[in-house]
Amino acid sequence: MEIDYKELGFRIDKLSLLRRVTLGRIFQTYGLHFGQFPLLRYVIENDGCTQAEVAEFLGVSPASVALSTKRLSRAGMIEKSVDKDNLRRNTLKITSKGLEVANRCSQEFDEYNRRLFSGISSEERQILFDTLGKLLHNAFEGSEPDMHTLMRDMKELKNKHCK
């Protein structure tokens, strides 16, 4: 029996949604909103970055980053400080609590991924990886998009929809 393309697409959507819900629950356990984990990761990897740099990287508005950093600062996960050379610029640093939360979330992600892929051989994972790469290549008309590009495209779509 041949599998319908729509059914394959539905399965991909279902798995993606389930993964997003599961990750969202992990975030909630640690008092994070969905978009705050990528923000924490960026600050960890780019110590002393600005809110504008975070917004550009994540493909979200500066106002969204300002709100998230305010919440994360109140929660003791990041420190915001005003740049002494430019008082309109805030720089960000991770705190030990923020680092601990990010590491725990990462550990739970790893555990979830191990469970998700249990019973799938390394050969099957390679086939799945290659197949998903082909689908991404086809969907993006000839090249596999990076996450930054996709997030930027989502922001543009959202902005057009909200107008």
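To keep it simple, each residue is scored yes or no on (1) in the same structural domain as residue 160 (by TED's automatic domain parsing); (2) touching an Asp or Glu at 6+ places or on another chain (Cβ under 9 Å); (3) in contact (Cβ under 8 Å) with a residue 12 or more places away in the chain.
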site	(1), (2), (3)
9	no, no, no
18	no, no, no
32	no, no, yes
42	no, yes, yes
52	no, no, yes
60	no, no, yes
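If you scan region 67-109, which residues turn out to be among the small types (Gly, Ala, Ser) and over 17 Å from the mean Cα position of the chain (by Cα)? Let's see the steps before the verdict.
Looking only at region 67-109, we keep the residues that are among the small types (Gly, Ala, Ser), and these are 68, 73, 75-76, 81, 96, 98, 102, 106.
The answer is 73, 75, 76, 81, 96.
Please indicate, with yes or no, whether at least one residue in region 23-43 is under 22 Å from residue 150 (Cβ atoms), loosely packed, with under 14 Cβ neighbours inside 10 Å and of a type in the set (Phe, Trp, Tyr).
Yes - at least one qualifying residue is present in region 23-43.
Residue 47: surrounded by fewer than 13 Cβ atoms within 10 Å (Cβ to Cβ), out of contact with any Phe, Trp or Tyr (no Cβ under 6 Å at 6 or more places or on another chain) and at pLDDT 90 or above, yes or no? Lay out the reasoning, then the answer.
Working: surrounded by fewer than 13 Cβ atoms within 10 Å (Cβ to Cβ): yes; out of contact with any Phe, Trp or Tyr (no Cβ under 6 Å at 6 or more places or on another chain): yes; at pLDDT 90 or above: yes.
In short, yes.
Among (1) farther than 30 Å from residue 135 by Cα; (2) acidic (Asp, Glu); (3) surrounded by 11 or more Cβ atoms within 10 Å (Cβ to Cβ); (4) more than 16 Å from the chain's Cα centre (by Cα), where does residue 53 come up short?
Unmet condition: (4).
Can you find even one residue in region 41-53 that is part of a helix (DSSP H, G or I) and β-branched (Val, Ile, Thr)? Show your work before the answer.
Looking only at region 41-53, we keep the residues that are part of a helix (DSSP H, G or I), and these are 41-45, 51-53.
Still in the list and also β-branched (Val, Ile, Thr): 43-44.
Among the residues of region 41-53, at least one is part of a helix (DSSP H, G or I) and β-branched (Val, Ile, Thr), which makes the answer yes.
Yes/no per residue for (1) at negative phi; (2) in contact with a helix residue (DSSP H, G or I) (Cβ under 9 Å, 6 or more places away or on another chain); (3) among the hydroxyl-bearing types (Ser, Thr, Tyr):
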residue: 63; (1), (2), (3): yes, yes, no
residue: 105; (1), (2), (3): yes, yes, no
residue: 112; (1), (2), (3): yes, yes, yes
residue: 123; (1), (2), (3): yes, no, no
residue: 129; (1), (2), (3): yes, no, no
residue: 143; (1), (2), (3): yes, yes, yes
residue: 150; (1), (2), (3): yes, no, no
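Considering only region 126-143, I want to know if a residue exists there that is surrounded by 13 or more Cβ atoms within 10 Å (Cβ to Cβ) and basic (Lys, Arg).
Looking only at region 126-143, we keep the residues that are surrounded by 13 or more Cβ atoms within 10 Å (Cβ to Cβ), and these are 135-137, 140.
Retained after the next criterion (residues that are basic (Lys, Arg)): none.
No: zero hits.
If you go through region 73-108 one residue at a time, how many are hydroxyl-bearing (Ser, Thr, Tyr), surrounded by 13 or more Cβ atoms within 10 Å (Cβ to Cβ) and under 24 Å from residue 29 (Cα atoms)? Write out each step before concluding.
First, pick out the residues of region 73-108 that are hydroxyl-bearing (Ser, Thr, Tyr): 73, 81, 91, 95-96, 106.
From what is left, the residues that are surrounded by 13 or more Cβ atoms within 10 Å (Cβ to Cβ) are 73, 91, 95, 106.
Still in the running and under 24 Å from residue 29 (Cα atoms): 73, 95, 106.
Total meeting the criteria: 3.
Across region 94-151, what is the total count of residues that are assigned by TED's automatic domain parsing to the domain that holds residue 43 and among the acidic types (Asp, Glu)?
Matching residues across region 94-151 total 4.
Working only within region 24-47, note down all residues that are in contact with a Leu (Cβ under 8 Å, 6 or more places away or on another chain) and hydroxyl-bearing (Ser, Thr, Tyr).
42 - this is the single residue of region 24-47 that is in contact with a Leu (Cβ under 8 Å, 6 or more places away or on another chain) and hydroxyl-bearing (Ser, Thr, Tyr).
The values are calculated or read from the model by the stated rules, or taken from the named source; none is laboratory data. These numbers were taken from a predicted model, which means no experiment stands behind them. No Cβ is skipped: glycine too gets one built from the backbone with ideal geometry, and neighbour counts run over all protein chains shown.
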